[in-house]
1. Can you tell me which residue is farthest from Lys32 (Cα to Cα) among those in the range 52-72 that are hydroxyl-bearing (Ser, Thr, Tyr) and in contact (Cβ under 8 Å) with a residue 40 or more places away in the chain?
2. Across the range 14-47, what is the number of residues that are open to solvent by 50 Å² or more (accessible area, probe 1.4 Å) and part of a helix (DSSP H, G or I)?
3. What is the one condition in (1) touching a residue at least 24 places away in the same chain (Cβ under 8 Å); (2) open to solvent by less than 50 Å² (accessible area, probe 1.4 Å); (3) of a type in the set (Gly, Ala, Ser) that Ala127 does not satisfy?
4. List the strands (runs of 3 or more DSSP E) inside the range 180-242, counting only whole elements, that have at least 2 residues being in contact (Cβ under 8 Å) with a residue 24 or more places away in the chain.
5. From the list Val246, Val203, exactly one residue is under 28 Å from Thr279 (Cβ atoms), at pLDDT 95 or above, among the aliphatic types (A, V, I, L, M) and buried (at least 16 other Cβ atoms within 10 Å of the Cβ). Which is it?
6. Select from the range 107-123 the residues that are more than 11 Å from Met1 (Cβ to Cβ), crowded, with 17+ Cβ neighbours inside 10 Å and either without any contact (Cβ under 8 Å) to a residue 24 or more places away in the chain or charged (D, E, K, R) (or both) and list them in ascending order.
7. Out of the range 260-277, which residues are part of a helix (DSSP H, G or I) and either crowded, with 16+ Cβ neighbours inside 10 Å or touching a strand residue (DSSP E or B) at 6+ places or on another chain (Cβ under 6 Å) (or both)?
Amino acid sequence: MKNYSDFLKDFEKLISINSVKDAPEERMPFGKGVNQAFNEFKSICSRLGFSVTDYDGYFGEFSVGEGEEVGVIGHLDVVPAPENGWNTPPFKLTKKNGVFYGRGVSDDKGPLIVALYALKELIADGAILKKKLRFFIGLDEESGWADVDYFLTKNTFPKYGFSPDGNFPVTYAEKGPNSIKFFIPYDGKTFTMVNGGTVVNAVCDYVTAVGKIDEDLLKKYGLTHNGSMIISHGKSAHGSKPELGVNAIKPLLGYMNEIENGRFNNAIECLFNDKYGITKMGNETGLATLSPD
């Protein structure tokens, strides 16, 4: 990359912005952080010679070239970054052993800005584009795609395109998520509160409960406590790959189950031991996964 130093500065700036979806404000349908990231990206585009069409703060687009349309779509919003479980600051671009760390480095600020700089370099080198390239900037990919829904009330997408958001070199299909709520009947006598998890598509890495303390069982399940508050630590990962994380719910539920003489057996069997064989279902793209988050 010829302009690597400029790229690195822009990359660092984008990562520093906490673009987790927040309460909407005027012309900021996804909150201040997402809007700030969008404004920064528009500024970068302008400096590189691209004029972005802003669809009322929901979505962005610019195009170059002529001919058959091809789309490039990425996004600037990110999933929440819990305080626990980070070895580097989530909103500071950090390089360790040749690898960049930070929320959005790979999903999807990094790939999106790499695509932008690659396009700029092609044009600067005199490449003649034989197609019309439409470059899309999404702002609600992590939370429901309201950005795309709004855009489609104003415009249409090309028939063909790709998204620099996934594993190299090419991913042709993506898991379809199904978010299901489970309710566990409970009288609330021994345990009065359970709280944890951040979003439905990230492995729960921290959960607490208020209730009966049994030091031996706490040690058995690797739990700690602060007074009557029981604490379970895990390791976050994307919900599509739960095997890369450590779910903090499981040991806490095991502890509660022993205290309550098996009351939560069915919950554990369904959610963690796959009682209904969900992870045996699949097609040519692979098997389904189960991630109680």
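The values are calculated or read from the model by the stated rules, or taken from the named source; none is laboratory data. Keep in mind the model is a prediction, meaning the values are calculated, not measured. Note that each Cβ is placed from the backbone with ideal geometry, even for glycine, and that neighbours are counted across all protein chains shown. Side chains are part of the model used for accessible areas, which takes the heavy atoms of the whole protein and leaves out ligands, DNA and RNA. Shrake-Rupley method; radii C 1.70, N 1.55, O 1.52, S 1.80 Å.
1. In this case the residue turns out to be Ser63.
2. Residues in the range 14-47 being open to solvent by 50 Å² or more (accessible area, probe 1.4 Å) and part of a helix (DSSP H, G or I): 7 in total.
3. Failed condition: (1).
4. Once the strands (runs of 3 or more DSSP E) in the range 180-242 are filtered for at least 2 residues that are in contact (Cβ under 8 Å) with a residue 24 or more places away in the chain, what remains is 191-196, 206-211, 229-233.
5. Val246
6. Result: Asp107, Asp108, Lys109.
7. Ala267, Ile268, Cys270, Leu271
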